[in-house]
Amino acid sequence: MSKQSFFSRFISAFKIFFKRKKKLALGIYGPTNAGKTTLANKISMDWTGEEVGAVSRIPHETRRVQNKENVLVEWEGKKLVINLIDTPGIATRVDYEDFIKFKLKKKESQERAREATQGIIEAIKWLDNMECVLAVMDATKNPLTQVNLTILGNLEARGIPVIIVANKIDLKKANLKRIESAFPQYTVVGISAKDGKNIEGLYKAIFDTA
């Protein structure tokens, strides 16, 4: 075997090895209470047995970026190492009075609103670190909101690949086709992060996009 042939084969093997070990910064973005942390927990539990963060019916439960590193995902013979990044819910405004409705005291509500606002700023800054984003939307609601359009616009401007995750398809009011019609240019995957329905379809989409 010639030195040139040996070198070519070595380079090919080197590339294949690192292609299999590819690491992907996968961000989870969306409005409040769309199910972002529930989805992050589902993905992390599937592959590490550990949750990423707490969930609550109160808006802005997640107020800081949560990062689960080196999550090894295997799908149909392929492997992908993911840095899973769960971000605070994006909102156009945060009013402390919204938390009082959930029986939080005024001082606690004001502090939560302050932290939520900081979390939104932090989430936007983290966009520059993303290599792929799961844009989570509540399938029971109208997808053409200012928040959803702002998130997708920012991702498009940065050239970041996007998978729209239509969550809560287990609910009667869920309308997957409405989201597909609103955003025909994107891959849309309907799931239930809560019960894991069609999570396999999401993993396939991630591998197809990575």
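The values are calculated or read from the model by the stated rules, or taken from the named source; none is laboratory data. Just so you know, these numbers come straight off a predicted model, no measurement behind them. In this analysis, Cβ positions are derived from the backbone assuming ideal geometry, glycine residues included, and neighbour counts consider all displayed protein chains.
Does region 52-72 contain any residue that is touching a Lys or Arg at 6+ places or on another chain (Cβ under 7 Å), over 22 Å from LEU152 (Cα atoms) and loosely packed, with under 13 Cβ neighbours inside 10 Å? Yes: region 52-72 contains one or more residues that are touching a Lys or Arg at 6+ places or on another chain (Cβ under 7 Å), over 22 Å from LEU152 (Cα atoms) and loosely packed, with under 13 Cβ neighbours inside 10 Å.
Residues of region 159-188 being closer than 17 Å to ASP208 by Cα and in contact (Cβ under 8 Å) with a residue 12 or more places away in the chain, which ones? Can you show your working first?
Taking region 159-188 first, the residues closer than 17 Å to ASP208 by Cα are 159-165, 185-188.
Correct list: ILE160, PRO161, VAL162, ILE163, ILE164, VAL165, TYR186, THR187, VAL188.
Every condition in (1) touching a residue at least 40 places away in the same chain (Cβ under 8 Å); (2) farther than 30 Å from GLY77 by Cβ holds for ILE206 except the one numbered (2). Of the candidates GLU115, GLU111, the single residue that is free of Cβ contacts under 8 Å to residues at least 24 places away in the same chain, in a helix (DSSP H, G or I) and over 15 Å from the mean Cα position of the chain (by Cα) is GLU111.
Screening GLU156 with (1) under 16 Å from the mean Cα position of the chain (by Cα); (2) in a loop (DSSP other than H, G, I, E, B); (3) without any contact (Cβ under 8 Å) to a residue 24 or more places away in the chain gives one miss only, at (2). Quick one: PHE102 ticks every box in (1) crowded, with 17+ Cβ neighbours inside 10 Å; (2) among the aromatic types (Phe, Trp, Tyr); (3) assigned to a loop (DSSP other than H, G, I, E, B) except a single one, so which number is it? The failed condition is (1).
Within region 80-99, restricting attention to residues that are hydrophobic (A, V, I, L, M, F, W, C) and closer than 17 Å to ASN67 by Cβ, which residue is surrounded by the fewest Cβ atoms within 10 Å (Cβ to Cβ)?
Of region 80-99, the ones hydrophobic (A, V, I, L, M, F, W, C) are 80-82, 84-85, 90-91, 94, 99.
Next, only the ones that are closer than 17 Å to ASN67 by Cβ stay: 80-82, 84-85.
Values: LEU80: 19, VAL81: 14, ILE82: 23, LEU84: 25, ILE85: 23.
Here the residue is VAL81.
Pairing residues of region 53-65 that are closer than 15 Å to LEU39 by Cα and part of a loop (DSSP other than H, G, I, E, B) with residues that are modelled with pLDDT of 75 or more and among the acidic types (Asp, Glu), at Cβ distances under 7 Å and at least 6 apart in sequence or on separate chains, gives GLY53/ASP86; THR62/ASP86; VAL65/GLU122. Among the conditions (1) under 20 Å from ASN129 (Cβ atoms); (2) touching a Phe, Trp or Tyr at 6+ places or on another chain (Cβ under 6 Å), PRO161 misses just one, which is (2).
Within region 118-141, how many residues are without any contact (Cβ under 8 Å) to a residue 40 or more places away in the chain and either buried (at least 17 other Cβ atoms within 10 Å of the Cβ) or over 28 Å from SER192 (Cβ atoms) (or both)? Steps first, please.
Let us first name the residues in region 118-141 that are without any contact (Cβ under 8 Å) to a residue 40 or more places away in the chain, namely 120-121, 124-125, 128, 140-141.
Subset that is either buried (at least 17 other Cβ atoms within 10 Å of the Cβ) or over 28 Å from SER192 (Cβ atoms) (or both): 120-121, 125, 128, 141.
Result for region 118-141: 5.
Being within 21 Å of ILE58 (Cα to Cα) and not in a helix (DSSP H, G or I) is a property that ASN148 lacks.
Go through region 79-95 and give me each residue that's charged (D, E, K, R) and touching a strand residue (DSSP E or B) at 6+ places or on another chain (Cβ under 7 Å).
LYS79, ASP86
Each residue in region 167-196 was checked for being over 19 Å from the mean Cα position of the chain (by Cα) and among the hydroxyl-bearing types (Ser, Thr, Tyr), and 1 of them qualify.
Any chance region 29-51 includes a residue that's at pLDDT below 95, surrounded by fewer than 20 Cβ atoms within 10 Å (Cβ to Cβ), under 28 Å from GLU97 (Cβ atoms) and of a type in the set (Asp, Glu)? The answer is no, given that none of the residues of region 29-51 is at pLDDT below 95, surrounded by fewer than 20 Cβ atoms within 10 Å (Cβ to Cβ), under 28 Å from GLU97 (Cβ atoms) and of a type in the set (Asp, Glu). Residues being small (Gly, Ala, Ser) and either modelled with pLDDT under 90 or closer than 22 Å to LEU39 by Cβ (or both) are entirely absent from region 154-164.
How many residues does region 196-210 hold that are part of a loop (DSSP other than H, G, I, E, B) and at pLDDT below 95? I'd like the intermediate steps shown before the answer.
Taking region 196-210 and keeping what is part of a loop (DSSP other than H, G, I, E, B), we get 196, 198, 210.
Keeping just the survivors that are at pLDDT below 95 gives 210.
Going through region 196-210 one residue at a time, the tally reaches 1.
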